[in-house]
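Step one of this worksheet: look at the structure below.
The values are calculated or read from the model by the stated rules, or taken from the named source; none is laboratory data. Just so it is clear, the structure is predicted and the values come from calculations on it, not from any experiment. A quick note on method: Cβ atoms are made from the backbone with ideal geometry, for glycine too, and the neighbour counts reach across all protein chains shown.
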Amino acid sequence: MARRSSPGTSGPSGTRSPARAGAAGRASVGSWAGGLYVSLEEAKKAAARAVDGLAPVIKAASREIHDNPELGLVEFKASALLTGLLEGCGYTVRRGVAGLDTAFVATSPWPPRGGSVEPADGAAGLCPARPGPFPTVALLAEYDALPGVGHGCGHNFIGAASVGAAMALAGVAADSDPFPGSLRVVGCPAEEGAVDGAGGKVALVEAGVFDDVDAALMVHPGSADSLSGRSTCRVALEVSFRGKAAHAAGAPHEGINALEAVLQTLNAINALRQHLPGTVLVHGIVARGGDAPNVVPDDGIIRLYVRAPDPDGIEPAAEKVKNCARGAAMATGCQVSFREFARSYLNLVPNRPLDEVFARNMAALGRPPARSASDGRGTGSTDMGNVSHVVPAIHPYVAITRQLGAPPSHSREFAAASVSPEGEEALIVAAKALAMTCLDLLLSPETLQAVRDAGPNSGDTDDSGGPRRGRPVSGGGGPI
């Protein structure tokens, strides 16, 4: 079994504590006995106590982000708040990651993976595909809001839970020998597709942030405690028509009506629905349709989401939607162009062994989660899906209200529930469950190996029963 050298800690006289020196000498990836905590379960209890001690700070962070909602890619206050908390616990923070001003990566304050590693008896270590035997675990933080309803998706809860778990683990590590592995907090802006260029995790994946990560975890607030469900692939499609302005009463025949092209496109999409699989969803808004009733509109814009269960289905569906617009352009004489106004999302496929570990920790906290209702196919989309195609990942839900008639997500009522007494109780439970699951990955070789063996995208299969690997859909942001 591989062993690592540890800097240890000093006693009051500046010499190394004999008890901790002995623990460090015995510690290995397979049998961690760090400082005060001689077992994984004791370390978990310590992490839960640390979260309790940090509860006022964690709740205050959630409330501060809730009270100051910021749209995607401009979450400067939220990003500064969370990185400040992490730096206060010793994390090394890198800002502006992947060219996104409000993205960040924070690395654990204990010695990183690798260090001084000495293989014993020719052992290759737990992670032979990695540069060292120790794992890197990532906690993902979201913090962007929605237009109009603020934190109607509860991303204040997500950011505070992940950072709270990381702060607690830093405290546990300070009372012990450093964990045999690294913890990384990844700040992920613009998950909501409400702004141009949304999809921060897609950019972070493309920038290689997850290339050396063994597992990625986050929680989402909901109306029930449940395991990770599936999500859909999503293309954010903008359709633009260019016509010709004219006086709507005096010379309408000299104009080319772009609004008419918009309306015909929407009618054609409605007619198309009966020819699409039931799992394909198309919905959107009219973003522009003219300026004055007495002017023939010379430009019209539709913004649409096209969703499908997997990468193989999304591009054909998007192409059929484009054909509706092409037909409307031909009928009205308009010119039509297309672009993806946000990055494309892949379907979320959770790592089931990791999900089960999280479930056991939730059960230990008195809240055993149900299996997700969307375990077959979900309808929403998240850029966590892109992460799940490159690294084992989970996206479970923790209930911020369990009453009948709970408010729906993406509403002002849901935003209020995220900072209610019940919501804040759930926040502390979520931070504990995340911290405990990180410890399972860092301190249990068997757990880590099971997660790695299942791999990313582990719950999805193709027609032959083998894993269905995601392929990128059309890149977002540019003309298509």
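Of note:
Conditions (1) in the same structural domain as Cys188 (by TED's automatic domain parsing); (2) crowded, with 19+ Cβ neighbours inside 10 Å; (3) touching a Leu at 6+ places or on another chain (Cβ under 9 Å), marked per residue:
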position: Gln274; (1), (2), (3): no, no, no
position: Ala317; (1), (2), (3): no, yes, yes
position: Lys322; (1), (2), (3): no, no, yes
position: Pro353; (1), (2), (3): yes, yes, no
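- Pairs are defined by a Cβ separation below 6 Å, a sequence spacing of at least 6 or placement on different chains, a first member in the stretch 224-246 that is farther than 26 Å from Arg343 by Cβ, and a second member that is assigned to a strand (DSSP E or B) and not β-branched (Val, Ile, Thr); the pairs so defined are Ala224/Ala399; Asp225/Ala399; Ser226/Ala370; Ser226/Tyr397.
- Among the conditions (1) outside the structural domain of His151 (by TED's automatic domain parsing); (2) surrounded by fewer than 23 Cβ atoms within 10 Å (Cβ to Cβ); (3) among the hydroxyl-bearing types (Ser, Thr, Tyr), the only one that Ser223 does not satisfy is (1).
- Test for Ala203: is it crowded, with 22+ Cβ neighbours inside 10 Å, within 30 Å of Leu183 (Cβ to Cβ) and out of contact with any Gly (no Cβ under 8 Å at 6 or more places or on another chain): no
- Count of the stretch 244-289 residues which are within 30 Å of Pro311 (Cβ to Cβ) and assigned to a loop (DSSP other than H, G, I, E, B): 5
Matching residues to (1) surrounded by fewer than 16 Cβ atoms within 10 Å (Cβ to Cβ); (2) polar (S, T, N, Q); (3) within 23 Å of the chain's Cα centre (by Cα); (4) closer than 28 Å to Ala145 by Cβ:
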{"site": "Ala46", "(1), (2), (3), (4)": "no, no, no, no"}
{"site": "Ala50", "(1), (2), (3), (4)": "no, no, no, no"}
{"site": "Pro56", "(1), (2), (3), (4)": "yes, no, no, yes"}
{"site": "Ile65", "(1), (2), (3), (4)": "no, no, yes, yes"}
{"site": "Leu71", "(1), (2), (3), (4)": "no, no, yes, yes"}
{"site": "Gly84", "(1), (2), (3), (4)": "yes, no, yes, yes"}
{"site": "Thr92", "(1), (2), (3), (4)": "yes, yes, yes, yes"}
{"site": "Val97", "(1), (2), (3), (4)": "no, no, yes, yes"}
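- Residue match in the stretch 230-246 (condition: under 30 Å from Val349 (Cα atoms), surrounded by fewer than 24 Cβ atoms within 10 Å (Cβ to Cβ) and out of contact with any helix residue (DSSP H, G or I) (no Cβ under 7 Å at 6 or more places or on another chain)): yes
- Helices (runs of 4 or more DSSP H) fully within the stretch 1-109 counting 1 or more residues that are modelled with pLDDT of 95 or more and not β-branched (Val, Ile, Thr): 40-67, 76-88
- Some residue of the stretch 187-196 being crowded, with 24+ Cβ neighbours inside 10 Å and part of a strand (DSSP E or B): yes
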